[in-house]
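Everything on this sheet refers to the single structure shown next.
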Amino acid sequence: MKFSTLALSGMAAVASAETYSLAAQSADGSISSPLTGFHEGAGFSYFAVAGPGTELTWKDGTLGEDVGNGAIFSVNYFENYLSFGILSEPAQLTFDKDNTLVSNETFWACNNLNDPYNYSKNTKLIVFGEDKVNDSCVEVKIKLVEFSSSSSAEASSTTEASSSAEATSTLVTLTTSTAVPAVTSAEGGAVKNSAGIAALAGLAAMML
């Protein structure tokens, strides 16, 4: 998949820009893919290494999916997953000059995470932590790219790029104020998914 060119500098330019998506890239070229939100429960989705990519927008300093009626499902950090939804506060994101998400943690694309709907059995999900969760994990960088519906139609849903030489990205330059907070909860080959679950029943009822 090839991403369109977009040049921005600072938050003032963001307001007039088009929509965006996130992408994952590994140093060895085995992963170069858009990230798509896979619904995992009432009010939240986990980012998966799969096409076509979730269309995201900036609104009032928040990156997230515009779900209409002025509501934004914001990008956030739920447990050790890179996610978006309404279960936690919007993440404060920092992107460097190469449009890579800056964090004091490492991002991994992993299978077999015991996620609620078990998508990770066949598709890698994005988690973060100091160490990889299991041997399936590949270290990746998270990039901010311009969303393009035409190029998204060409995206592969596999975790490996069909041609790493062709899977190039010309990325957005964007900086906000605060880096990602450190959170570590991966252990025993699976990611914990307990915090916040008690609130899901009430949250689901609100969304019915």
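Laboratory data are not the source of any read-out in this text; all were calculated from the coordinates shown. What you are looking at is a predicted structure, and each value in this text was computed from that prediction instead of being measured. Neighbour counts are summed over all protein chains in view; Cβ atoms, including those assigned to glycine, are modelled from backbone coordinates with ideal geometry.
Residue by residue through the stretch 86-98, what is 3J(HN,Hα) from phi via Karplus (6.51 cos²θ - 1.76 cosθ + 1.60, θ = phi - 60°)? Round to whole Hz and write x for glycine and proline.
10, 7, 8, 5, x, 6, 8, 9, 10, 10, 7, 5, 9
At Ser88 and Asn118, where each label point lies 7 Å from the Cα along Cα→Cβ, what is the point-to-point distance in nanometres?
According to this spin-label approximation, the distance is 2.5 nm.
So what's the net charge close to Ile142: Lys and Arg +1, Asp and Glu -1, counting the other residues with Cβ under 12 Å from its Cβ?
That sum, taken over residues with Cβ under 12 Å, equals -2.
Report the local net charge at Thr19: Lys and Arg +1, Asp and Glu -1, summed over other residues whose C-beta lies under 9 Å from its C-beta.
-4
Within a Cβ distance under 10 Å of Thr106, other residues only, what is the Lys/Arg minus Asp/Glu net charge?
Taking every other residue near Thr106 into account, the sum is -2.
Which far-off residues, 5 or more places away or on another chain, put their amide H under 5 Å from the one on Ser136, with H placed in the peptide plane?
So Ser136 has HN proximity to Asn111.
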